[in-house]
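Peer 1: Take a look at the following structure, please.
What follows is calculated from the coordinates using simple rules that are stated; it is not laboratory data. This structure is a prediction, so every number in the text was calculated from the model and none was measured. When we count neighbours, we look across all protein chains shown, and the Cβ atoms used for this are built from the backbone with ideal geometry, even at glycine.
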Amino acid sequence: MHEWTGSNWGRLLAGMGLLWAIGWGAAQAAPASVAQASAVEAGTGHEGRIVVTDVLGRQVEIKLPVRRIILEEARQAYAVAMLEDAHPFGRIVGWGGDLEQADPATYAQYLKVFPEIREIPVLGRLADASFNLERAVALRPDVLFLNMETARIADDARYLETLDSLGIPVVYVDFRHHPERNTEPSLRLFGDILGQRARTEDFIAFRARERARVTERLAQADVPQPRVFIERMGGFAEECCYSFGDENMGHYVEMAGGHNLAAEVLPGTFGQLSPEQVLAMSPDVVLVTSADWSAFRPDGDWIPVGPGADAVRARQALARYLDKSAYSGSPAVAQRRFYAIWHQFYNSPYDFVAVQQLAKWLHPALFEDLDVDETFRTLHARFLPVPYAPGYFAALEGEHDHAR
């Protein structure tokens, strides 16, 4: 680790010149060969330092206590706020602009209770080449958290070399590409680095119990698997049909007792199908992940699900999907089995709430007694500093024709 000296700043300026010379690189996911699940090495801290292993398998030494952190993706605050509910933004000295843009309702929730977040510097994102490294360094963070998929960009631009020369450790986390294997390690990384390991383990146990309420019941039941097509980020783009493969929301559908149709043709976490491919699949159920995308497409056909969403508006927006050519003549249209779910479940530790709601939609008789609102309300009461505001789900079918 290096201290802040004049020679450090000289190396920074030289590094910045190199970054500008070689460019930022294209946004690509980290190679699967290095994207392995990992664990925090509890008990390896010594003399005010701790060594952790991030989700790329990198050992990182961090000086304690950590007082200043940067979240390259602001939505990493879903985890931080849960672990530091009294002062969830007290250590964040910089972040991306994605929380306000991609999840404006949640941003507004936190802004109301913690108006100081308006003053947190917005540093841009690596994925769109807007990240301001020079400004980030000037904020003198104790740790910089990056999403796993930014590794290729950071390596190409030699960011880690520059940051390491200045004694700024970088830790990779992942709640999106491989959440089944990386969510718990990512939470433990935040927990150990922020000195919140006990609270982290409390949440991990809570999450496991709530997931088991679905998986254990399904393991003992003999029920058919509805054939589900997931339309990912509905209304964000004009073209069809983005979806999930065998990970993330695709895996959650399988956990909830459904069959994810796109996994038959998509080899990874994310991908795109043609309308003709979806038409041939003739799904029993259509699940749309969506949100308020007004910052990106003000006139898009997105569905405004999220905290405090208007139930009528959400259902009206969802009903327009019945007329999409990709679903024409499908059992989903005939039975109006169209559902919308808050897109950010795909990128947060709250995935178990999505699994419960999916199970209730796919197998309503089997999960009639499961109160998903109560699960989410309990999560907020125990772990989050803002109250629960319904609106994360919408449905067209029969008695489920409501938004919550």
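Peer 1: Under a point spin-label approximation (7 Å from Cα along Cα-to-Cβ), what is the Arg140-Glu119 distance to one decimal in nm?
Peer 2: 1.7
Peer 1: If you take all C-alpha pairs in the range 220-400, what percent of them are over 26 Å apart? List each step's numbers first, then the result.
Peer 2: Details: 3931 of 16290 pairs.
Distances greater than 26 Å cover 24 percent of the Cα pairs.
Peer 1: Here's something else I'd like to know. Please turn the phi angles of the range 155-171 into ³J(HN,Hα) values with the Karplus equation 6.51 cos²θ - 1.76 cosθ + 1.60 (θ = phi - 60°), one per residue in order, whole Hz, x for glycine and proline.
Peer 2: 5, 4, 8, 6, 4, 5, 4, 5, 5, 5, 5, 9, x, 9, x, 10, 10
Peer 1: While we're on this one: Counting DSSP beta bridges in the chain, what percent are antiparallel, to the nearest 5?
Peer 2: Working: 13 of 35 bridges.
The answer is about 35 percent antiparallel.
Peer 1: Using a Cα-Cα cut-off of under 16 Å, which aspartates and glutamates could be cross-linked to Lys112, ignoring same-chain neighbours fewer than 8 residues away?
Peer 2: Asp85, Glu100, Asp103
Peer 1: Where in the range 241-273 is the amide nitrogen less than 13 Å from a point lying 7 Å along the Cα-to-Cβ axis of Glu397?
Peer 2: Of the residues in the range 241-273, 257-259 have backbone N under 13 Å from the label point off Glu397.
Peer 1: Full extension from Glu239 to Ile204: what is 0.36 nm times the residue separation minus their Cα-Cα distance, to one decimal in nm?
Peer 2: Numbers: separation 35, 0.36 × 35 = 12.60 nm, distance 3.75 nm.
Using 0.36 nm per residue and subtracting the Cα-Cα distance, I get 8.9 nm.
Peer 1: Kindly write out, for the range 329-334 in residue order, the coupling ³J(HN,Hα) from the Karplus curve 6.51 cos²θ - 1.76 cosθ + 1.60 (θ = phi - 60°), rounded to whole Hz, with x marking Gly and Pro.
Peer 2: Residue by residue, the range 329-334 yields x, 7, x, 4, 5, 4 Hz.
Peer 1: If you don't mind, there's one more thing I want to ask. Give me the net charge of Thr183's neighbourhood, meaning all other residues with Cβ under 14 Å from the Cβ of Thr183; Lys, Arg count +1, Asp, Glu -1. List each step's numbers first, then the result.
Peer 2: Numbers: positive: Arg75, Arg176, Arg181, Arg188, Arg207, Arg211; negative: Asp54, Asp174, Glu180, Glu184, Glu201, Glu210, Glu247, Asp351.
Summing Lys/Arg as +1 and Asp/Glu as -1 gives -2.
Peer 1: Can you compute the charge dipole magnitude of the chain about its Cα centre, using +1 on each Lys and Arg Cβ and -1 on each Asp and Glu Cβ, nothing else charged? Give it in debye, rounded to the nearest 20.
Peer 2: 600
Peer 1: Shifting gears a bit: If amide H atoms are built 1.01 Å from N in the plane of the peptide, which residues on other chains or at least 5 residues away come under 5 Å of the amide H of Arg125?
Peer 2: The answer is Ser130, Phe131.
Peer 1: What does the extension gain come out to for Arg152 and Asp85, with contour length at 0.36 nm per residue minus their alpha carbon separation? Provide the component values of the computation, followed by the final result.
Peer 2: On the way: separation 67, 0.36 × 67 = 24.12 nm, distance 3.27 nm.
Contour length minus the Cα-Cα distance gives 20.9 nm.
Peer 1: Once you put a point 7 Å from the Cα of Ala311 and another 7 Å from the Cα of Arg181, both along the Cβ direction, what distance in nm separates them?
Peer 2: Here the modelled spin labels are 4.2 nm apart.
Peer 1: At 0.36 nm per residue, and after removing the present C-alpha to C-alpha distance, how many nm does the segment from Ser165 to Leu322 gain when stretched out fully? Don't skip to the end; give the middle numbers.
Peer 2: On the way: separation 157, 0.36 × 157 = 56.52 nm, distance 5.53 nm.
Here the segment from Ser165 to Leu322 would lengthen by 51.0 nm.
Peer 1: Per residue, how much space in cubic angstrom lies within the convex hull of the C-alpha atoms of the range 71-225?
Peer 2: Values: hull volume 22.1 nm³, N = 155.
Spelled out: Cα convex hull of the range 71-225, divided by residues, is 143 Å³.
Peer 1: Only loop residues by DSSP count here, and only those with at most 12 other Cβ atoms within 10 Å; note down the GluC sites (Glu not before Pro) in the range 332-404 that meet that. Before the final figure, lay out each step's value.
Peer 2: Working: sites: Glu368, Glu374, Glu397, Glu399; in loops: Glu368, Glu397.
For GluC sites (Glu not before Pro) across the range 332-404 that sit outside H, G, I, E and B with at most 12 neighbouring Cβ atoms in 10 Å, the list reads Glu368.
Peer 1: Give a residue-ordered list of calculated ³J(HN,Hα) values for the range 234-242 (Karplus: 6.51 cos²θ - 1.76 cosθ + 1.60, θ = phi - 60°; whole Hz; x for Gly, Pro).
Peer 2: Using θ = phi - 60°, the values come out as x, x, 6, 10, 6, 7, 10, 9, 6 Hz.
Peer 1: Order the peptides 241-251, 218-228 from the highest to the lowest mean number of other Cβ atoms within 10 Å of their residues.
Peer 2: Numbers: 241-251: 22.7, 218-228: 14.3.
My ranking of the peptides, most packed first, is 241-251, 218-228.
Peer 1: Relative contact order for the range 220-400: what is it in percent, counting Cα pairs under 8 Å that are at least 6 residues apart? Don't skip to the end; give the middle numbers.
Peer 2: Values: 342 pairs, mean separation 43.7, N = 181.
Normalised by residue count, the contact order of the range 220-400 is 24 percent.
Peer 1: Given H placed 1.01 Å from N in the peptide plane, which residues other than close sequence neighbours of Leu64 have an amide H under 5 Å from its amide H?
Peer 2: Here the answer is Arg49, Ile50, since their amide H atoms fall under 5 Å of that of Leu64.
Peer 1: Can you list residues whose amide H is under 5 Å from Phe270's amide H, if they're 5+ apart or on another chain and H is modeled 1.01 Å from N?
Peer 2: For Phe270, the qualifying residues are Gly245.
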